[in-house]
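Trainee: Pasting a structure here, questions to come.
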Amino acid sequence: MPLDASPTPLVGETACDVLIIGGGPAGSTAATLLAEKGRRVVMLERDRHPRFHIGESLLPLNLKVFERLGVTDEVAAIGVHKPGARFVSDEHGKHTAFSFAAGLNQDYTYSYQVRRSSFDEVLFRRAQRAGADAREGMRVLDVALEARGRGALEARGGGALEARGRGALEARGGGALEARGRGALEARGSGALDAPGGHRVTARDEAGAIHAFRARFVMDCSGRDTVLASAMGSKARNPHNNTAALYGHFRGVAPFGARDDSAPLSAPDTGAPLGAAEDGNITIHLFDEGWFWMIPLPDGVMSVGVVSNPGFFKRRRGEPREFFLETLRAVPSVARRIADAELVSDVTTTGNYSYASTVMHGDGWLMAGDAYAFIDPVFSSGVLLAMASAEMGADVADAWLDDPARAAPMARAFEAKVKRAIGSLSWLIYRINTPVLRDMFMEPRNRFRMREGLVSLLAGDVHTNANRQLPVLAFKGAFYALSLAYRLGYRLRPEGLVRVRAAAPAP
Ligand SMILES: Cc1cc2nc3c(=O)[nH]c(=O)nc-3n(C[C@H](O)[C@H](O)[C@H](O)COP(=O)(O)OP(=O)(O)OC[C@H]3O[C@@H](n4cnc5c(N)ncnc54)[C@H](O)[C@@H]3O)c2cc1C
């Protein structure tokens, strides 16, 4: 239905340089940086801060972005110091800590665990202080992307954005936007769909009033709502990673190591010694169908979640709460820690289904963070990827506003960097459930500085120089060699390669 025929009141149009959809970590990062460059920024956030969000464990390379935003002290004040990550495997009867201080990058050697409600609010208020017109309770409904000089294509829907017809919207050389595929939308020649003078965005406030905006540049930072990618039909599910999660907050969870005396986990640890200094670590408990996270939050709360394949969740009988508790009790190293714990929140389910959009940017628009792609959270990389891509995306938007031609190569470099970062983490993610990678995590070796290289990846050092890539390449080479050995019946054990059975199928 055309908006001007709607019975809801239409609030007059606001013009801006950049309109940002979504006020999570990606949106607030971009809004702060662009406002500080003197751009007129509008950021529209559907919810009101503070609001719950999952994604509570941060990485050391996040600190670099905090410095640029000037929020280091504020984050330190709301966070739990995180020195590293500990991986626990009941199958191996072992656990290994990866301390960030032992990585190749000695500039950023720790991070924080945060309640996202507090963290996202810090970032959002920072954007407001920088001068962004950052509004809460504003759900973006429609985006009409302008093809400069040629008219615009429009994505319209009620509540969710919807491109009329299916197919990707594509920006090509001459600025024309083109949609191909079923029910293709095509805007060729001038004025195909009329929206002169910038992209047109409409949003609904909590009272139901519709607000209109004109923006020269649009950044989609709407997270897993993927406003633009859904509208364009460009969202593609990642066939290599198909997982879901169940999670909640507990009180009274025992720190790792506190109850291990009678455990099968008595093998010597190859990482840092256990102790109070380590209480801020994230612990990842590996089990045969996936993994659990335990993230210590302020005030003695522990975020606990399980990630597994859809088949595992389909076996669920009864309420999510009961299934969640049963699942936790079924894995000994987890069961010990929650024995005296109390669940103090609702239990939430999220389909983690990884995806990426087939397009990341076009003429006067781009996607950052989860609005472009989502990868499995096993290495706590989501917030860093979101903030780092928003930081680079803000530079692209800023350059585009001055000179679109100059911005074009920057946008291509932005796309390549984002994809490379996602690619380096995805290599590990796709293999985390294989016996070979799990053996390597439980028996980490530092030949060719492989362990340091792995720690750097775990720290989020994914935009690194070629020198630092070598240990990572050595680690990957070792994985392929060990995969061959696995097929021949050998596995990595403390004493070296040990024949454990007859030759097996590929891992
Ligand atoms: C189970 C699970 C566990 C995870 N664990 C971790 C972890 O430990 N560490 C980590 O770093 N990452 C983790 N992540 C990933 C992390 O949650 C995301 O990668 C991160 O929040 C992405 O930030 P973003 O700014 O791109 O999107 P978001 O944080 O999702 O922010 C998007 C914002 O856009 C708003 N929005 C959406 N639609 C609209 C609209 N139409 N109009 C206006 N506003 C809108 C939303 O309300 C939201 O505030 C996890 C994810 C899952 C699913």
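Trainee: Can you confirm whether Ser333 is among the small types (Gly, Ala, Ser) and over 30 Å from Val41 (Cα atoms)?
Mentor: yes
Trainee: Quick one: count up the residues across the stretch 288-335 that are assigned to a strand (DSSP E or B), under 16 Å from Asp376 (Cα atoms) and more than 14 Å from the ligand (Cβ to nearest atom).
Mentor: Residues that pass the stated criteria total 0.
Trainee: While we're on this one: With (1) buried (at least 18 other Cβ atoms within 10 Å of the Cβ); (2) within 16 Å of the ligand (Cβ to nearest atom) as the list, and Arg51 as the residue in question, which single condition is left unmet?
Mentor: Exception for Arg51: condition (1).
Trainee: Within the stretch 482-502, restricting attention to residues that are among the basic types (Lys, Arg) and over 22 Å from His95 (Cβ atoms), which residue is least open to solvent (accessible area, probe 1.4 Å)?
Mentor: Arg501
Trainee: Of the residues Ala76, Ala30, Ala101, which is buried (at least 24 other Cβ atoms within 10 Å of the Cβ) and either away from the ligand (no atom under 14 Å from the Cβ) or under 22 Å from the mean Cα position of the chain (by Cα) (or both)?
Mentor: Ala30
Trainee: Name the single residue, out of those in the stretch 9-27 being of a type outside the set (A, V, I, L, M) and away from the ligand (no atom under 13 Å from the Cβ), that is most open to solvent (accessible area, probe 1.4 Å).
Mentor: Glu13
Trainee: When both residues are 6+ apart or on different chains and their Cβ atoms are under 7 Å apart, which pairs have a first residue that lies in the stretch 121-149 and is within 19 Å of Ala229 (Cα to Cα), and a second that is part of a helix (DSSP H, G or I) and open to solvent by less than 10 Å² (accessible area, probe 1.4 Å)?
Mentor: Val143/Leu228; Val143/Ala231
Trainee: When the residues of the stretch 220-235 are filtered to those that are within 11 Å of the ligand (Cβ to nearest atom) and of a type outside the set (Ser, Thr, Tyr), which remaining residue is farthest from Gly137 (Cα to Cα)?
Mentor: Looking at residues that are within 11 Å of the ligand (Cβ to nearest atom) and of a type outside the set (Ser, Thr, Tyr), I get Ala231.
Trainee: Here's something else I'd like to know. Specify which of the listed residues (Met392, Met387) is part of a helix (DSSP H, G or I), at pLDDT 95 or above and either on the phi > 0 side of the Ramachandran plot or open to solvent by 30 Å² or more (accessible area, probe 1.4 Å) (or both).
Mentor: Met392
Trainee: Same structure, new question: Tell me yes or no: at least one residue of the stretch 340-353 is assigned to a strand (DSSP E or B), open to solvent by less than 10 Å² (accessible area, probe 1.4 Å) and either farther than 30 Å from Arg126 by Cβ or within 11 Å of the ligand (Cβ to nearest atom) (or both).
Mentor: Scanning the stretch 340-353 turns up no residue that is assigned to a strand (DSSP E or B), open to solvent by less than 10 Å² (accessible area, probe 1.4 Å) and either farther than 30 Å from Arg126 by Cβ or within 11 Å of the ligand (Cβ to nearest atom) (or both).
Trainee: Let me ask you something else. From the residues in the stretch 129-143 that are buried (at least 19 other Cβ atoms within 10 Å of the Cβ) and more than 24 Å from the chain's Cα centre (by Cα), which one is nearest to Leu366 (Cα to Cα)?
Mentor: Among them, the one singled out is Asp142.
Trainee: In addition: Can you tell me which residue is surrounded by the fewest Cβ atoms within 10 Å (Cβ to Cβ) among those in the stretch 395-412 that are out of contact with any Asp or Glu (no Cβ under 6 Å at 6 or more places or on another chain) and touching a residue at least 12 places away in the same chain (Cβ under 8 Å)?
Mentor: Pro404
The values are calculated or read from the model by the stated rules, or taken from the named source; none is laboratory data. Keep in mind it's a predicted model, so treat the numbers as computed, not measured. No Cβ is skipped: glycine too gets one built from the backbone with ideal geometry, and neighbour counts run over all protein chains shown. Ligands, DNA and RNA are excluded from the accessible area calculation, which covers all protein heavy atoms including side chains. Shrake-Rupley method; radii C 1.70, N 1.55, O 1.52, S 1.80 Å.
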